[in-house]
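The values are calculated or read from the model by the stated rules, or taken from the named source; none is laboratory data. These numbers were taken from a predicted model, which means no experiment stands behind them. Glycine also receives a Cβ, built like all others from the backbone with ideal geometry; neighbour counts cover every protein chain displayed. These accessible areas exclude ligands, DNA and RNA; they are computed on the full protein's heavy atoms, side chains included. Shrake-Rupley method; radii C 1.70, N 1.55, O 1.52, S 1.80 Å.
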Amino acid sequence: MPDLAERVARFQRDVHPAKADLFGHLATHHQPHTLFISCSDARVVPELLTSSEPGELFVVRTAGNLVPAHHHGSGDGVAASIEYAVAVLGVTDVVVCGHAACGAMTALAKGHDLSGTPAVAHWLHHADAARARAAVGGPAADVAELVRQNVRAQLANLVTHPSVARALAEQALRLHGWVYDIASGGVQRIPHDEATPGAAPRAA
């Protein structure tokens, strides 16, 4: 744990006092405007990428930014987080954000042996539709294309969740697909049937 305790002390000494009013407000108010679903990759930092303050984003991070389709009896943490953000917190925007050089998508595109990580292999089945869309599987597979198609596929999975479908029907929610390029800092918008192509979440 590289100096994390020291960094916490620095936060308490320098950062928190400078935003005392904000943190005082957040102590009793939780009203994020956007559900941000991203990869667990440590190089992807949603708040940094979007220049967001604490309290603006409700963040869900999964390997490969995968969103399992809803099914009856679903009790997983991803489904619960989506439902809470949409039905309880009332977020108005949802971003599914993939990124360049994603390890999960690279493993699928290049056909890596995942026998030593069975939980990972099982989880990545949630990207089966993306693989079909991108027609990948060989050694020359295009990782970037799979990343893009995976964002589309996960947006489609997202719409199967009742809370999301209901909010979309009521025109209370907008979906957005993004792909973040780590090296350049660029963000590509990925159009989707239920998303507003090219739109960005509203500011706080």
Considering each residue of the stretch 38-71, count those that are free of Cβ contacts under 8 Å to residues at least 60 places away in the same chain, in a helix (DSSP H, G or I) and surrounded by 13 or more Cβ atoms within 10 Å (Cβ to Cβ), and give that number. 2
Quick one: would you say Ala5 is in a loop (DSSP other than H, G, I, E, B), more than 21 Å from Ala167 (Cβ to Cβ) and open to solvent by 40 Å² or more (accessible area, probe 1.4 Å)? no
Is it fair to say Ala109 is open to solvent by 10 Å² or more (accessible area, probe 1.4 Å) and among the aliphatic types (A, V, I, L, M)? no
Testing Val94 on (1) assigned to a helix (DSSP H, G or I); (2) touching a residue at least 40 places away in the same chain (Cβ under 8 Å), one condition comes back false. Which one is that? (1)
Over the stretch 72-99, the set of residues surrounded by 12 or more Cβ atoms within 10 Å (Cβ to Cβ) and among the small types (Gly, Ala, Ser) is Ser74, Ala79, Ala80, Ser81, Ala85, Ala87, Gly90, Gly98
Taking the stretch 11-40 as the region of interest, how many residues are more than 19 Å from Val91 (Cα to Cα) and in contact with a helix residue (DSSP H, G or I) (Cβ under 7 Å, 6 or more places away or on another chain)? 4
